[in-house]
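A short write-up of the structure that comes next.
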Amino acid sequence: MERARGVLELTRPGNAVASGALTAIGAFVAGTSANQLPAVAAAVAATVFAVAGGNTINDYFDRDIDRINDPDRPIPSGSVSARGALVVSGVLFALAIVSALALPTLALAIAGVNLLLLIAYTEFFKGTPGAGNALVAYLGGSTFLFGGATVENVPPTVVLALLAAVSTLAREIIKDVEDVEGDREEGLRTLPVVVGDRRALSIALGLLVVAAAASPLPYLLDMLGVAYLVVVAPAVALMLYAGYEGFTDPTAGQKHLKYGMFLAILSFVVGRATFAVSV
């Protein structure tokens, strides 16, 4: 039972399922017909399996850092072996590939690129100042593009993907500030290690200001209805507060930013649903 719990914890199931939900939201925002629902279900499954596999292999590569930053994680705590984590990640990646095989060409291409990036992230990008953060941001935003590509209508998801990527980039920088002690000890050149905590946090806050300024675009471009603005306004306020909060409490800041991001995503769902009804 302890090993089973450890394997489940490796996958970060909440994160994986949430990513699958983002793919479904991307498809919904793009417009999904009844006959496309099986493809959307396959895309959601592919996303869940791929993210779970990426989380697992990330723990494998991060096992030495986690002994400092998070010793209760499955590998450093001994509930799952490093080799076991590799096997689990391989199975999950295989399931993701099988789930995506019947999808449209563009969706399959996005899935293939993202799968390679998930595998390469920790080993090649995580310790590079800003590059690892940017890669995670792209992967977060691309779930919406993947959903749009699944129903063969990508353009409506582009703004959502960009806003999600910018917000995710800010959150990743704040999380690096939170983990700066262990990263510095392991020799990782994350952005806070290279430029300092306050400069990194200032960059994160600046990104959130850009995202806030761009948030009215879906309404101004006549892509979403006024209900979108009603929901996105408190989301933007919460995200800006979280960026400011990060200067004194990075842990609380990144958590509150996550809540703001989910509220912003909800604004797209509400905006799309009400816009479709009004049209």
Problem set entry | Hits in segment 25-38 (condition: crowded, with 21+ Cβ neighbours inside 10 Å and farther than 15 Å from PHE275 by Cβ) | GLY26, ALA27
Exercise. Of all residues in segment 113-168, which are touching a residue at least 40 places away in the same chain (Cβ under 8 Å), part of a helix (DSSP H, G or I), hydrophobic (A, V, I, L, M, F, W, C) and farther than 26 Å from VAL88 by Cβ?
Worked result: PHE144, LEU145, ALA149, VAL159, LEU160, ALA161, LEU162, LEU163, ALA164, VAL166
Exercise. Restricting to segment 217-269, what's the tally of residues that are of a type in the set (Asp, Glu) and either within 16 Å of VAL159 (Cβ to Cβ) or assigned to a helix (DSSP H, G or I) (or both)?
Worked result: 2
Exercise. Of all residues in segment 170-216, which are among the small types (Gly, Ala, Ser), modelled with pLDDT of 85 or more and either under 17 Å from ALA242 (Cβ atoms) or not in a loop (DSSP other than H, G, I, E, B) (or both)?
Worked result: ALA170, ALA200, SER202, ALA204, GLY206, ALA211, ALA212, ALA213, ALA214, SER215
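Quick check on GLY182: is it touching a residue at least 40 places away in the same chain (Cβ under 8 Å), farther than 30 Å from ASP64 by Cα and over 21 Å from the mean Cα position of the chain (by Cα)?
Here the answer is no, as GLY182 does not meet what is asked.
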Exercise. Counting only residues that are exposed (fewer than 14 other Cβ atoms within 10 Å of the Cβ) and not in a helix (DSSP H, G or I), how many does segment 82-112 have?
Worked result: 2
Exercise. From THR251, THR190, which residue is in contact (Cβ under 8 Å) with a residue 40 or more places away in the chain, more than 30 Å from GLY31 (Cβ to Cβ) and surrounded by fewer than 22 Cβ atoms within 10 Å (Cβ to Cβ)?
Worked result: THR251
Exercise. Taking TYR244 and the conditions (1) touching a Leu at 6+ places or on another chain (Cβ under 7 Å); (2) without any contact (Cβ under 8 Å) to a residue 60 or more places away in the chain; (3) surrounded by 19 or more Cβ atoms within 10 Å (Cβ to Cβ); (4) under 20 Å from VAL177 (Cβ atoms), which numbered condition does it fall short on, given that it satisfies the others?
Worked result: (3)
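The values are calculated or read from the model by the stated rules, or taken from the named source; none is laboratory data. In this text, all values refer to a predicted model and were calculated from it rather than measured experimentally. Here the Cβ is made from the backbone with ideal geometry for all residues, glycine too, and neighbour counts use every protein chain on show.
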